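Novice: Handing you this structure, nothing more for now.
Read-outs throughout are calculated quantities, based only on the coordinates presented, and are distinct from any laboratory measurement. This one's a predicted model, so the numbers in the text were calculated from it and none came from an experiment. Neighbour counts are summed over all protein chains in view; Cβ atoms, including those assigned to glycine, are modelled from backbone coordinates with ideal geometry.
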Amino acid sequence: MASHPYKALPKEAFWRTSVAEPAPSAIDPVGPTKFVLSRTDKVATAGSCFAQHIARHLSQSGFNYLVTEQAHPLLPKPIADKFGYGLFTARYANIYTSRQMIQLLRRAFGLFVPAEDVWTDTDGALIDPFRPQIQPGGFQTQAEFDADREQHFAAIRLAVETLDCLVFTLGLTECWLSRADGAAYPLCPGVSGGSYDDKRHMFYNLNVNDVLADLEAIHDFVTERNPTARFILTVSPVPLAASASGDHVLTATTYSKSVLRAAAGEFARSRANVAYFPSYEIITGSFSQGAYFEPDLRSVTEEGVSHVMRLFLAHYTSMNDEPQTEPPSTTIPERKAMTTRELVAVICEEEALQKFG
Amino acid sequence: MKSISLVVIGNSHLQDLEEAYINCDKNKLYSVHTSNFVRLYENRYNPMVSIVDGNTLFNQELERDILDLIEKVKSDALITSILGSEHLIWSVQGQERPFDVILPFAPELPRIPDTELIPFGALYSLVKEGIGPYLRFNKRLSDITSLPVFQLLPPLPVGSQDIILETAPETLKSMLLENGVPSPIIRYKMWRLWIHVAEEIAAELGVSIIPMPEEAKDENGLLKRQYARDSVHANASLGLLTWREINAFFS
């Protein structure tokens, strides 16, 4: 029989043996990895809603999940969560597009100041157009708005300068830009603060070249300041909630995800320090027959997230081979101090009881 | 002038009032009112508040005792001094990472250098969730007694830093020695936040607040040393000034 290249390929190269036949939970499309992360490597995260799952699991899995903008220990977890602490490395909330990401980096380092930099809601509270939901009730004063942003940017700069790996989840290609300077908003103005004005805002759908250029800019921006930084790109499997492209949302979703997948794959191929991780394929692959989506066909089930993270840890970490020591923690330690109520009881009630009891 | 019968209900900040009441010149004070006290820090009233299935429930024994006392002394009104020390505790607890907050209702207060800014909304939520359920006891009291309820606010933070460490109990002292005594400005800001939340809740519930004695303030707007009992409580001297305010309120 004549010889040809397919005869020498491993079983992972064939659909029947690696997708159709194995049990769904055994599917592993990751492929060869470019690098491995140790328990001490500082891992930063950014990206769309799906990236929050990655951040949560990294934190729980003993990774050195980098958080440079931590909630103050005074704040109980429910309040800290409401104010967007710990969702990602810094309190930047969801970053849906590559355009948003490179602009955030430039803004944090004082290289880009958008013309439309603050919105005022009907109650007079101030909204950050680039993090419109970060502060429930809005910022109450300009002083607080400015001071918080300065603190936030300092946290981003620290993250850029100290991370060992950035896991960036690409979510969307559709975005809303300022006509004045191209500033990219995470949400269309008017949806959550601000107001939409066709003279000031425009719709734009990033294409492959746009995303590639943004990824290159992000990579070069970070490595200029942190030469040993590595990157893991992944594409969110969560479909668009709505499309302003004029296309059916399903068609628009396929376009978006295709662009992001193509750009991420192409960019990863071109850089030794950039890897592509197939979250998208794991969740949307036909092998699971939709089981990794909730009934709304958008939200990813915990089972799906677990499959993604199991493969991430298996391929991208050396944790199983390393001694079982506590990883250095940059996450918020559990508060072991007495609660406020207990302390009040100690300094007030007990002393008063002694006097009047 | 008819003498008013008051039932005064409070936590540890009741001490200065009760001491001043017992020890003062009764001719000067008692012509306006007579007072009986309910001490919320007594063990049988603990917990004062419980949250069950999202509902706020108040200590039944406490309610019964208050109603019995009101009946016994034929009370005309209630005065409450509920909680009042949390602002200091939060200031001390927060010292492990020195912090600051910008209060929208007091924008003139200076920023504290080399501190971490906590969003106002987040600290506001902390305070409101911490003291709100207890302060709502004022409304519960007016509902079950049909008497007017007047609320006292906790005394200003003391200006002196020394007294904070000198008078701190051991549990607090170890935190103070480890992280330092919170600055007067952050203690003042946390007190202002406590007061702001308390005044908001009082306005919502229709509870009147008895004003604080102005003469107790030092040149920086903090509590004069002579009126401080310890790191957070006032002494009977301030209690006397407070009774004068109460009398003026009812005159």
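Novice: With a Förster radius of 60 Å, plug the Cβ-Cβ distance of A:Gln142 and B:Leu147 into 1/(1 + (r/R0)^6) and report the FRET value to the nearest 0.05. Mind dumping the intermediate values first?
Specialist: Details: r = 45 Å, r/R0 = 0.75.
The pair A:Gln142/B:Leu147 has a calculated efficiency of 0.85.
Novice: Return the distance in nm (one decimal) between the two label points of a simple spin-label model at A:Val249 and A:Arg179, each offset 7 Å from Cα along Cα→Cβ.
Specialist: So the two model labels end up 2.8 nm from each other.
Novice: Tell me the Kirkwood hydrodynamic radius of the protein assembly as shown in angstroms, computed as one over the mean inverse distance between distinct C-alpha pairs. List each step's numbers first, then the result.
Specialist: Values: mean 1/r = 0.0358 Å⁻¹.
Answer for the protein assembly as shown: a Kirkwood hydrodynamic radius of 27.9 Å.
Novice: Could I ask something else about it? With the Cα gyration tensor of chain A giving a ≥ b ≥ c as the square roots of its eigenvalues, does the rule (a/c under 1.5 for rounded; else a/b larger than b/c for prolate; else oblate) give rounded, prolate or oblate?
Specialist: Details: a/c = 1.88, a/b = 1.30, b/c = 1.45.
Note, shape of chain A comes out oblate.
Novice: Treating the angle as unsigned and between 0 and 90°, give the value, to the nearest 10°, between the Cα long axis of helix A:142-162 and the longest Cα principal axis of chain A.
Specialist: For helix A:142-162, the angle is close to 40 degrees.
Novice: Rounded to the nearest 500 deg cm²/dmol, what is the calculated helix-only ellipticity per residue at 222 nm for chain B, with -39500 (n - 2.57) per DSSP H run of length n ≥ 4?
Specialist: Working: 10 runs with 113 residues, N = 251.
For chain B, the value works out to -13500 deg cm²/dmol.
Novice: Then there's this: When DSSP assigns beta bridges and you keep just the ones with both residues in the protein assembly as shown, what percent turn out antiparallel, to the nearest 5?
Specialist: 30 percent
Novice: Of the cross-linked pairs B:Lys173/B:Lys224; B:Lys173/B:Lys217; A:Lys42/B:Lys173; B:Lys128/B:Lys173; A:Lys77/B:Lys217; A:Lys34/A:Lys77, which ones have a Cα-Cα span greater than 31 Å in the structure shown? Could the numbers behind the result be given before it?
Specialist: Numbers: B:Lys173/B:Lys224 22 Å; B:Lys173/B:Lys217 26 Å; A:Lys42/B:Lys173 36 Å; B:Lys128/B:Lys173 26 Å; A:Lys77/B:Lys217 37 Å; A:Lys34/A:Lys77 36 Å.
Where the Cα-Cα span goes over 31 Å, the pairs concerned are A:Lys42/B:Lys173; A:Lys77/B:Lys217; A:Lys34/A:Lys77.
Novice: Can you give me the distance in nm between label points at A:Val208 and A:Thr162, each placed 7 Å from the Cα along the Cα-to-Cβ direction?
Specialist: Here the answer is 4.0 nm between the modelled labels.
Novice: A follow-up question, please. Count the net charge of all other residues whose Cβ sits under 9 Å from the Cβ of A:Tyr204, scoring Lys and Arg as +1 and Asp and Glu as -1.
Specialist: Values: positive: A:Arg99; negative: A:Glu174, A:Asp210.
Within the 9 Å Cβ shell, the charges total -1.
Novice: Calculate the length of the line joining the C-alpha centroid of the range A:188-247 to that of the range A:4-76, in whole Å.
Specialist: Value for the Cα centre distance between the two parts: 22 Å.
Novice: Now for a different question. On a 0 to 90 degree scale, rounded to 10, what angle separates helix B:184-205 from the longest Cα axis of chain B?
Specialist: 40 degrees
Novice: Using only Cα atoms, what is the ratio of the radius of gyration of chain B to 2.2 N^0.38 Å?
Specialist: In units of the 2.2 N^0.38 Å rule of thumb, it is 1.02.
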